[in-house]
Amino acid sequence: MKNLAILGSTGSIGRNTLKLIFRPELVAVFDQASAASLQKQLPAGTRVQILFGEKGYCAAAGWAAVDQVVTAMVGAAGLAPTLAAIAAGKDIALANKETLVMAGQ
């Protein structure tokens, strides 16, 4: 069994991946306001760490329990987290062509 990090869960690839698996230890969202809103929506006693921003995305990509990172973030936003996953030695399932174009070789 592999533990996944899914970067970009609102697009079709991320949503379809989440239909198959979803029991997060950690969630990273766009900004602090979104993190606070999400925290309020979680049922009492839910143990999910919520991070935000690029640092949060990079932390999720390099999370120790993660084996593989599905990177489906739109545009340039996916580059830094993908590089963080690579630096952490994670397997990458790349669904973001912009990362390839921007990072080149």
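So here's what we get for this one:
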| read-out | value |
| --- | --- |
| Difference of contour (0.36 nm per residue) and Cα-Cα distance, ASP91 to PHE30 | 19.6 nm |
| Vicinal HN-Hα couplings computed from phi for the range 19-33 (Karplus, 6.51 cos²θ - 1.76 cosθ + 1.60; Hz; Gly/Pro x) | 5, 7, 8, 6, 9, x, 8, 9, 10, 10, 10, 4, 9, 5, 5 |
| Kirkwood-type radius of the range 29-71, with distances r between different C-alpha atoms, in Å | 11.4 Å |
| Förster radius 35 Å - calculated FRET efficiency between GLN68 and ALA44 (Cβ-Cβ, nearest 0.05) | 0.65 |
| Area projected by the alpha carbon convex hull of the range 52-102, averaged over all directions, nm² | 3.1 nm² |
| Rg(Cα)/(2.2 N^0.38 Å) for the chain, N = residue count | 1.03 |
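Any read-out appearing in this document is the output of simple, stated calculations on the displayed coordinates, not a laboratory observation. Every value quoted in this text rests on a predicted model; they were computed, and no experiment measured them. Neighbour counts are summed over all protein chains in view; Cβ atoms, including those assigned to glycine, are modelled from backbone coordinates with ideal geometry.
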